[in-house]
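Please read the structure below before turning to the comments.
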Protein chains: 2
Amino acid sequence: METIEQVLESKNIRVTAMRLLIYKFLAEKQVAATLSDIEKAFEKADRTTLYRTVKTFVEKAIVHQIDDGTGITKYALCEQDCSCEIETDLHLHFHCNNCNETICLTDHKIPKIKVPDGFISEQINLVVKGLCDKCSA
Amino acid sequence: METIEQVLESKNIRVTAMRLLIYKFLAEKQVAATLSDIEKAFEKADRTTLYRTVKTFVEKAIVHQIDDGTGITKYALCEQDCSCEIETDLHLHFHCNNCNETICLTDHKIPKIKVPDGFISEQINLVVKGLCDKCSA
DNA sequence: AAACCCATGCAATAGAAGTGCATTTTTATG
DNA sequence: CATAAAAATGCACTTCTATTGCATGGGTTT
């Protein structure tokens, strides 16, 4: 089991108190978080710091950025074996129209999509919207 | 061949000069347009009017709203036989990472996506990103 | 200890999206 | 045709997300 410090160091991210806290917050959350979620969780910290911390995490590929169609970017920790920095990685997310939460469906892979001649596919963003297990009951 | 007036009337949208112009603009454009694209094309008109016109078009299902992951909502005319108001309709769009344009791939359908037990799928948003035919050359 | 790098904090801004209200235009009705 | 009602347009303002410039401060290196 890797410690958070080791995860950060392995990606050349300096370990700071703030970064450990934000990492833990994302790790404990089962759903993708918005910046404003993170702000609410760390009211003492400055918004810019949170913004830049998350940005660093995204750039260093320990967090991936999710666009679920709400217009608000969400963030979630990458899986251990996540390859979201690789072009061919396939993201699949579920967005609940009721509770407005977004969940990574990591074990549901996306089928190969055909594109017309001359088009080159680099990434695929797939968001399924509907009711999550908690809201469909 | 249906006139624009007939299209609008068939959806219970009042025909106004502004609406005809915006419809024509979208019809001539081969790629999806942002509100700001439309603003640039109609600088004499007020932003609110453009905003509300597009909103009306979306509500009446003659335009569909595209979320291509740039964070900016784009709009494109529905096809004649477009069923985007129906829950099960499958949208597929291509976003070019180079020219930043978004294209509807209307004849490329989306395969059925499985979701875990308890989840109910209502809509699917699929955006393929990469290089379009013009930029890949 | 000094110099430096980088994280953090503060302030300000840009840009998209949305709302309330007044005014004008269009449609409906007598 | 006149007039009332309804809808469209225009203006001003607000909210929210995202982003940047600059100053400060803590930790690391030499």
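The values are calculated or read from the model by the stated rules, or taken from the named source; none is laboratory data. For clarity, every value in this text was computed on a predicted model and none was experimentally measured. Glycine gets a Cβ as well: all are built from the backbone with ideal geometry, and neighbour counts include every protein chain shown. Quick note on the areas: whole protein, heavy atoms, side chains included, nothing else; ligands and nucleic acids left out. Shrake-Rupley method; radii C 1.70, N 1.55, O 1.52, S 1.80 Å.
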- Message: Ordering B:Lys109, B:Lys44 by accessible area with a probe of 1.4 Å, largest first, what comes out?
- Response: B:Lys44, B:Lys109
- Note on the structure: In terms of the charge dipole of the protein assembly as shown, which places +1 on Lys and Arg and -1 on Asp and Glu at the beta carbon, the residue among A:Thr73, B:Phe119, A:Val115 farthest towards the positive end is A:Thr73
- If you put a point 7 Å past Cα along the Cβ direction, how far is that point for B:Glu79 from the same point in each other copy, in nm, smallest first? 3.3
- Task: With a 1.4 Å probe and all protein chains in place, put A:Tyr75, A:Tyr51 in order of accessible area, largest first.
- Result: A:Tyr51, A:Tyr75
- Task: Starting from a label point 7 Å past Cα on the Cβ side, list the distances from B:Lys60 to the same position in the other copies, nm, shortest first.
- Result: 5.3
- Which links in A:Lys55/A:Lys112; A:Lys109/A:Lys129; A:Lys134/B:Lys114; A:Lys60/B:Lys74; A:Lys60/B:Lys114; B:Lys40/B:Lys109 stretch past 21 Å when you go from one Cα to the other? A:Lys55/A:Lys112; A:Lys60/B:Lys74; A:Lys60/B:Lys114; B:Lys40/B:Lys109
- Message: Need one number: buried accessible surface between chains B and A, 1.4 Å probe, both sides summed, DNA, RNA and ligands left out, in Å² to 100.
- Response: 2700
- Message: Restricting to Cα pairs below 8 Å that are 6+ residues apart, what does the relative contact order work out to for chain A? Please round to a whole percent.
- Response: 20
- Protein chains only, probe 1.4 Å: how do B:Glu9, A:Glu39 rank by accessible area, largest first? B:Glu9, A:Glu39
- Query: How much of A:His95 can a 1.4 Å solvent probe reach, expressed as accessible area in Å² and rounded to 10?
  - Reply: 10
- Message: Skipping prolines and chain starts, which residues have an amide H placed within reach, meaning under 5 Å, of the one on A:Ile124, given they are 5 or more residues away or on another chain?
- Response: A:His91, B:Lys129
- Message: Output wanted: per-residue J couplings in Hz (rounded whole) for the stretch B:108-117, from phi through Karplus 6.51 cos²θ - 1.76 cosθ + 1.60, θ = phi - 60°, x for Gly and Pro.
- Response: 10, 7, 9, x, 4, 10, 7, 10, x, 4
- Query: Can you give the accessible area of A:Thr53, probe radius 1.4 Å, in Å² rounded to 10?
  - Reply: 10
- Net charge of neighbours whose Cβ lies under 12 Å from the Cβ of A:Ala17, counting Lys and Arg as +1 and Asp and Glu as -1: +3
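Would you mind estimating how fast the protein assembly as shown diffuses translationally, via Stokes-Einstein at 37 °C and 0.692 mPa s with the Kirkwood radius over Cα pairs, in µm²/s?
159
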- Message: Per 0.36 nm of contour for each residue apart, how much would the distance between A:Glu39 and A:Ala137 grow if the chain were fully extended, relative to their Cα-Cα spacing?
- Response: 32.2 nm
- Query: Using a Gaussian network model of chain B with C-alpha springs under 10 Å, which one of B:Ala32, B:Ala61, B:Ala45 is most mobile by mean-square fluctuation?
  - Reply: B:Ala45
- Using modelled amide H (1.01 Å from N, peptide plane; none on Pro or chain starts), what sits under 5 Å from the amide H of A:Asp68, excluding residues fewer than 5 places away? A:Lys74
- Item | For the stretch A:130-137, Karplus couplings with θ = phi - 60° (6.51, -1.76, 1.60), whole Hz, Gly/Pro x | x, 10, 7, 4, 6, 8, 8, 6
- Query: Shortest first, in nm, what separates the label point of A:Glu39 from those of the same position in the other copies (7 Å along Cα→Cβ)?
  - Reply: 2.1
- Query: So how strong a dipole does chain A carry about its Cα centre when Lys and Arg Cβ are +1 and Asp and Glu Cβ are -1, to the nearest 20 debye?
  - Reply: 340
- Message: On C-alpha positions alone, give me the angle between the axis of helix B:47-59 and the longest principal axis of chain B, in degrees, nearest 10.
- Response: 50
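Considering only protein heavy atoms and a probe of 1.4 Å, how much of the accessible area of the stretch A:1-79 is carbon and sulfur, as a whole percent? Mind dumping the intermediate values first?
On the way: 2170 of 4630 Å².
Looking at the stretch A:1-79 in its full context, I get 47 percent from C and S.
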